[in-house]
Amino acid sequence: MQTKQQKEIIVKELAEKLKSSKAVVFSDYKGLKVKDMTVLRRELRAEGVDLSVAKKTLINIALKDAGIEMDVRELEGQIAIAVSEKDEVAAAKIIAKLAKVNENLKIVGGILGTKELTADEVNALAKLPSKEELLSKLVGTLNAPVSGFVNVLAGNMRGLVTALKAISDKK
């Protein structure tokens, strides 16, 4: 049993994380083995995502303190909160990937910015490419016309060199 002071500390820390978060994923971990939870925590930590477990009442208080309107008591099961401060899709991707392997782990909802998301919306978010992938695609798209232009110019030069070579071979 936690004391009132311990609960206040948990709520305060959770509210601070929620205020600075870009995305939050709520997952039901009921029945998840300790080794699987350890793997989940390790993978999330590697991507800069913090995983917390708290009572639904404490989570609701922290959400209110962070200025987010959502009632976690409506979500099923025991709730774990994955808070991502850097990447919007990292937490969703990792939890969705591990939920495919382990049926005891389920995504039950989330928050993007201050907007509440359903489980289906979080799963759709997990299918999006990461920020780095999107940036690399953008650079490739921006670079394509330049590369094509360089190839056209090089083709003209090759044609000129071939013509000059043919003239020199005749003489």
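With each label modelled as a point 7 angstrom along the Cα→C-beta vector, the residue 64-residue 102 pair spans 3.2 nm. Each Lys or Arg adds one and each Asp or Glu takes one away; over the other residues whose Cβ falls under 14 Å from the Cβ of residue 102, this sums to +3.
If the chain linking residue 150 and residue 169 were pulled fully straight, counting 0.36 nm for each residue of separation and taking away their Cα-Cα distance, it would gain 4.0 nm.
Would you work out the relative contact order for the chain, in percent, from Cα pairs under 8 angstrom that are 6 or more residues apart?
That works out to 26 percent.
For the chain, modelled as a GNM whose springs connect Cα atoms under 10 angstrom apart, the maximal fluctuation among 130, 147, 84 occurs at 147. For the residues 28, 71, 87, a GNM of the chain with alpha-carbon springs under 10 Å puts the largest fluctuation on 71.
As a proxy for reagent exposure, ranking 41, 158 by other Cβ atoms within 10 Å from fewest up yields 158, 41. Cβ-to-Cβ counts within 10 Å put 26, 149 in ascending order as 149, 26, the fewest first.
Rounded to the nearest 10 degrees, the inclination of helix 56-65 to the longest alpha-carbon principal axis of the chain is 60 degrees.
Rounded to two decimal places and with Rh computed the Kirkwood way over Cα pairs, what is Rg over Rh for the chain? Write down the numbers at each step before the final one.
On the way: Rg = 25.8 Å, Rh = 18.9 Å.
Rg/Rh: 1.37.
When 47, 8 are sorted by how many other C-beta atoms sit within 10 angstrom of their C-beta, beginning with the fewest, the order is 8, 47. The label point for residue 13 and the one for residue 56, both projected 7 Å from the Cα toward the Cβ, are 2.3 nm apart. Here is the size of segment 91-171 from its Cα atoms: Rg then Dmax, 26.2, 82 Å.
Laboratory data are not the source of any read-out in this text; all were calculated from the coordinates shown. A quick note: this is a predicted structure, and the numbers were derived from the prediction, not measured. Glycine also receives a Cβ, built like all others from the backbone with ideal geometry; neighbour counts cover every protein chain displayed.
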